[in-house]
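Scroll down for the structure; my scribbles are underneath it.
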Amino acid sequence: MGLIVDYGQDWTQGDTFRGIKSHKFANPLSSPGSMDLTADVDFSYLRFAAKDRAACFGPVEQGFFLHSMGIQARLQQLLNTTADAGMQKNLVDCYKRLTDPHSMGRIYKVLAVLPKDSSMVPIPFAPPATEELNKPKVEKIVR
């Protein structure tokens, strides 16, 4: 199985080509070789390109994917390894950045790619069971 994790949408967005220099957006042609160049991924095109060779699932939002994979339990494990309040705050801040819908949790997407003849559906991409819909959110356990 392969996972593609990046920012983008499940449709063609038009021109998303841009430069990033010193953590700020910049004209991508203003200083060749001195900035990062990037564009949003079109996940629908990736699925289309792979359709004859692979089974694709998703994309799903990164926050949903990470919660499905147990990020709450991992955060709790890490919080229990330190009594340092600064380290605990950093761990919670990083968790929030990765999962918050106003940050990377919604912007980043995850697409799973499996062999064409695979009969399995990866857990985060399967429809949730009814009892899963009623589970409390991690904010209840975060310090």
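The values are calculated or read from the model by the stated rules, or taken from the named source; none is laboratory data. Quantities reported herein were computed from a predicted structural model and do not represent experimental measurements. Quick reminder, even Gly has a Cβ in these numbers, built from the backbone with ideal geometry, and neighbours come from all protein chains shown. Surface areas here come from the heavy atoms of the whole protein model, side chains and all, with no ligands, DNA or RNA. Shrake-Rupley method; radii C 1.70, N 1.55, O 1.52, S 1.80 Å.
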* So what is the relative contact order of the chain, in percent, for Cα pairs below 8 Å that sit 6 or more residues apart? -> 32 percent
* Asked: What is segment 22-103's relative contact order, in percent, from Cα pairs under 8 angstrom and six or more apart in sequence?
  -> 26 percent
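When the solvent-accessible surface of protein heavy atoms is calculated with a 1.4 angstrom probe, in what order do Lys109, Lys24, Lys51 fall, highest first?
Sorted descending by solvent-accessible area, the residues read Lys24, Lys51, Lys109.
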* To do: Grab the Cα-Cα distance for Gln9 and Met69, subtract it from 0.36 nm times how many residues apart they are, and report the gain in nm with one decimal.
  => 19.5 nm
* Measure off 7 Å from each Cα along the Cα-to-Cβ vector at Ala85 and Lys51, then give the distance between these two points in nanometres to one decimal. => 5.7 nm
* Structure fact -> Over all viewing directions the Cα convex hull of segment 1-45 casts an average projected area in nm² of 4.2 nm²
* Asked: Roughly to the nearest percent, how much of the accessible area of segment 53-109 is carbon and sulfur, given a 1.4 Å probe?
  -> 58 percent
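Quick one: if the Förster radius is 30 Å, what FRET efficiency do Ser44 and Ser22 give, using the C-beta to C-beta distance and rounding to 0.05? Could you put the intermediate results ahead of the total?
Values: r = 32 Å, r/R0 = 1.08.
So the FRET efficiency works out to roughly 0.40.
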* Can you figure out the FRET efficiency of Gln77 with Ser118, using R₀ = 30 Å and their beta-carbon distance, to the nearest 0.05? => 0.45
* Structure fact -> Rounded to the nearest 500, the 222 nm mean residue ellipticity computed for the chain from DSSP H runs (n ≥ 4, each -39500 (n - 2.57)) alone is -9000 deg cm²/dmol
* Asked: Measuring with a 1.4 Å probe in the full set of protein chains, what accessible area per residue, in whole Å², belongs to the chain?
  -> 68 Å²
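Can you tell me the alpha carbon radius of gyration of the chain divided by the globular rule-of-thumb value 2.2 N^0.38 Å?
Working: Rg = 18.3 Å, N = 143, 2.2 N^0.38 = 14.5 Å.
So the Cα radius of gyration is 1.26 times the expected 2.2 N^0.38 Å.
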* **Hypothetical label at Asp100: residues of segment 63-94 whose amide nitrogen lies under 15 Å (7 Å Cα-Cβ projection)** => 63, 89-94
